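Structure first, then comments.
Since every read-out is calculated from the coordinates, none of them should be taken as a lab result. Keep in mind that what you see is a predicted model, and the values were worked out from it rather than measured. Here the Cβ is made from the backbone with ideal geometry for all residues, glycine too, and neighbour counts use every protein chain on show.
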């Protein structure tokens, strides 16, 4: 049974230099056709994974804030009919901070959205141009003001560790962002993903990524400033005031079940991994032919599930409970975590253990990818 629903809207405003959804830029969208398809896809999931009320719904993907509010409302109405809503359900929508999208915030709030995740990305026009964003700082801050007037909960995204960025640069930008009064900040280091324009630019020498040591200094500064502001990290890149963590994203990181609908959406429910058709036209055809947009549905072995639970859960400040994972997947702790490496990392102050619960320390978080390779038992990774 799933307590969370992810709805993926694939269409973008423009080609993006750091994602792989460039093929999803469209000049026009048949909203009625998409409403029928998304509702059918949702009903398919509800037949398999309903039974308890939804705790959260998340609209993500390309540019979901361009979805017609009527479509958002129709999807929420059907989700409530199929699953029911838990008291205080969290309904989040990702938004770019353009004036076009901000003009829809009031109607989206009226449709049922209560939380918005606003992709400011940077508070410097040159940085925004480098990142390929359509908005400037002034437009972004105006959209933030509109969002704070219409939604009870607002999160902002910023990207740091840009080429040439200094401690002084990031200190000023983050201090400014902390003054906005939002209850949640997602602060991501720039990563160069294979197959993106950024990867091509690096290969051609157009720019050089920030080196590891300066990036680590910016990570440490991020923790220092957010802690002091009362918005501590609860996940490696996400910070929130107490009680304002993203409940939907905690579903992923705690490896709880969720349904994903829409082109390219992934899901985890009942020990199954689901993937939807990524290309919009293929998704529509699959729904028409099969009643859902699924391109792959695969049963996960216990080892695979345990590996995913560890890889996700160790991103969290709260860590993971090995006794709980043993109960869920039937594997002893010794088969999930390398106890010798864990003791060594604890001695190095990079990991911690309190009873059955283990985690990565703040000092270890900048090295998380390497530490996961040390901690997660090789038997799981080879699954």
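Quick rundown of the values:
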| quantity | calculated |
| --- | --- |
| Relative pair counts by distance (%), Cα atoms of the chain, 20 Å bins | 26, 60, 14 |
| Cβ-Cβ FRET estimate between residue 224 and residue 152, R0 fixed at 30 Å, reported to 0.05 | 0.55 |
| Theoretical gain in end-to-end length, residue 368 to residue 266 [0.36 nm per residue, Cα-Cα removed] | 34.4 nm |
| In nm, spacing of pseudo-spin labels at residue 348 and residue 110 (7 Å Cα→C-beta vector) | 5.7 nm |
| Highest average packing first - 294-303, 279-288, Cβ atoms within 10 Å | 279-288, 294-303 |
| Among beta bridges that DSSP assigns inside the chain, antiparallel share in %, nearest 5 | 45 percent |
| Extension gain, residue 328 back to residue 207 (0.36 nm per residue minus Cα-Cα distance, nm) | 38.9 nm |
| Helical contribution to [θ] at 222 nm, DSSP H n ≥ 4, -39,500 (n - 2.57), averaged over the chain, rounded to 500 | -12500 deg cm²/dmol |
